[in-house]
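All of the numbers you see were taken from the coordinates with simple rules; none came from a lab. Predicted, not measured: the structure shown is a model, and the values here were computed from it. Cβ placement follows ideal geometry from the backbone for every residue including glycine, while neighbour counts extend to all protein chains displayed.
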Amino acid sequence: MKKLLAIIILSLCFITPSQADDIRDFQIDGISIGDSLLDYFDKKKISSRKKTFYNDDNFYKINFNSNKSVYKLINFHLKKNDNKFIVYSMGGRNIIEFNKCLEEKKLAIKEVKDVLGVQSQNDYISDYRKQYGKSFANVTDLKIENGSVRIYCDNWTDKYEKENKWKDSFNISISSQEFLDWLNTKAY
């Protein structure tokens, strides 16, 4: 399992021999914060996957299912009216049983801390899942230069897994400070 996690982390990050300097050193499938998605996907494919569900529409999300990625689902947040399609936040998700996810989460946190200059760590159980019965997420936020890494495990109750086909999952996201500021002040 440690070897699998090491492969996931190494494929997620492009890391120099010393500690990484900022959030742009992270990669998912070779894509980093600040990159143009046009270098990886065509404009039509990007535009066709646009989802806006925030109160403020300055950013939007796109999702891709992937058989080529370490993650089965990858997502990106882009800025409205940006013709370059610059990435401000990105993440990956895999379906995994909750208790196994917690084990992988611990290993992922250690790996991120070993290679990045983590400024602070905040661990908590989310309350935004309360609308779904006893469902919750076990979350760790790692503050790094110019942004944050969030690693979390979703734990859905059986009722919502059956009704909505939601599954327990391992999630990791990397967000620029600009995106986080918007998320915390305008998105909701």
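So which residues in the stretch 81-122 are at positive phi and either hydroxyl-bearing (Ser, Thr, Tyr) or over 18 Å from the mean Cα position of the chain (by Cα) (or both), if there are any at all?
Here is the first cut: in the stretch 81-122, the ones at positive phi are 81, 85.
The answer is Asn81, and nothing else.
What pairs come up if the first residue lies in the stretch 32-55 and is loosely packed, with under 15 Cβ neighbours inside 10 Å, the second is among the β-branched types (Val, Ile, Thr) and part of a helix (DSSP H, G or I), and their beta carbons are under 8 Å apart, counting only those six or more places apart or on different chains?
Filtered contacts from the stretch 32-55: Leu38/Ile46.
Among (1) in contact (Cβ under 8 Å) with a residue 12 or more places away in the chain; (2) under 23 Å from Phe41 (Cβ atoms); (3) not aliphatic (A, V, I, L, M), where does Asn81 come up short?
Condition not satisfied by Asn81: (1).
Report whether or not Ile151 is closer than 21 Å to Lys51 by Cα and in a strand (DSSP E or B).
So Ile151 fails the test.
I'm trying to understand the selection: among the residues of the stretch 56-111, which are under 15 Å from Asp35 (Cα atoms) and not in a strand (DSSP E or B)?
Matches in the stretch 56-111: Asp82, Asn83, Lys84, Phe85.
Identify, by number, the condition in (1) assigned to a strand (DSSP E or B); (2) surrounded by 17 or more Cβ atoms within 10 Å (Cβ to Cβ) that Asn122 doesn't meet.
Of (1) assigned to a strand (DSSP E or B); (2) surrounded by 17 or more Cβ atoms within 10 Å (Cβ to Cβ), only one is false for Asn122: (2).
Select from the stretch 125-148 the residues that are of a type outside the set (S, T, N, Q), closer than 14 Å to Phe26 by Cα and in a loop (DSSP other than H, G, I, E, B) and list them in ascending order.
Residue satisfying the conditions is Glu145 alone.
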